[in-house]
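The values are calculated or read from the model by the stated rules, or taken from the named source; none is laboratory data. Just so we're clear, the structure is a prediction, and the values are computed from it rather than from any experiment. Note that each Cβ is placed from the backbone with ideal geometry, even for glycine, and that neighbours are counted across all protein chains shown.
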């Protein structure tokens, strides 16, 4: 599991518009000071401070690798809390991507054999990424901080929920949070509750469904962009 986590941290920093803030986010995940991180990276604490505050230019690939190595080394020495948390998170979020360019909602749905149920007049709305969420595992493993992470770098994305029967619970959870996705897709739902559709309309969320199996769905999603 360390290698996917290594790639995730490095990728987030390298692709971030504000790499310093992303570096700080991962340091704070381990609840360590800039001094502790600097010691493991063998640099001055001011270097870490300057990166996180944006006073230094974006870190190069070598600096990112040193940072990731230091974070994982600290995690290893402190009981692998970050690694274990990432494992739980990965089980609940089997696939997630951001794209450099948006794709129209109608085109996105065609790629996953999806059917739009609400906001049909907004089928040209752009979707800039997606997150597949295992509804049952998400309930038992994700906390409020994890909920924010499902939006990646933008909330203008599609949230695809598996393990949904009627779709009421995901929409209620979304309603209670200030961040709203561009689209919600239910994967093989038994039926879709009228309340779920009403909540989607109120929040201007495109609500859709697809009957694809999860493996096929993820395979198609990962070929987009």
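A few comments on the model shown:
- Applying the set (1) assigned to a loop (DSSP other than H, G, I, E, B); (2) within 19 Å of the chain's Cα centre (by Cα); (3) over 20 Å from residue 218 (Cα atoms) to residue 173 leaves exactly one unmet item: (1).
- Test: residue 109 is under 15 Å from residue 224 (Cβ atoms) and in a strand (DSSP E or B): no
- Residue, surrounded by the most Cβ atoms within 10 Å (Cβ to Cβ), within segment 149-170, restricted to residues that are within 15 Å of the chain's Cα centre (by Cα) and in a loop (DSSP other than H, G, I, E, B): 157
- Of 43, 36, all but one fail to be surrounded by 15 or more Cβ atoms within 10 Å (Cβ to Cβ), in a loop (DSSP other than H, G, I, E, B) and over 25 Å from the mean Cα position of the chain (by Cα); the exception is 43.
- From the options 13, 9, residue that is farther than 18 Å from residue 76 by Cα, in the same structural domain as residue 81 (by TED's automatic domain parsing) and touching a residue at least 12 places away in the same chain (Cβ under 8 Å): 13
- Selection status of residue 170, under 16 Å from residue 135 (Cβ atoms), at pLDDT below 95 and touching a strand residue (DSSP E or B) at 6+ places or on another chain (Cβ under 6 Å): yes
- Count of segment 86-111 residues which are out of contact with any helix residue (DSSP H, G or I) (no Cβ under 8 Å at 6 or more places or on another chain) and modelled with pLDDT under 90: 5
- Condition met for residue 82 (in contact (Cβ under 8 Å) with a residue 40 or more places away in the chain, more than 19 Å from the chain's Cα centre (by Cα) and assigned to a helix (DSSP H, G or I)): no
- Residues of segment 171-214 classified as within 23 Å of residue 104 (Cα to Cα), free of Cβ contacts under 8 Å to residues at least 40 places away in the same chain and surrounded by fewer than 19 Cβ atoms within 10 Å (Cβ to Cβ), total: 7
- Hits in segment 137-167 - residues which are modelled with pLDDT of 90 or more and either touching a strand residue (DSSP E or B) at 6+ places or on another chain (Cβ under 6 Å) or at positive phi (or both): 156, 157, 158, 159, 160, 161, 162, 163, 164, 167
- The condition (being under 25 Å from residue 138 (Cα atoms) and in contact with a strand residue (DSSP E or B) (Cβ under 6 Å, 6 or more places away or on another chain)) is satisfied by just one residue among 75, 91, 98: 98.
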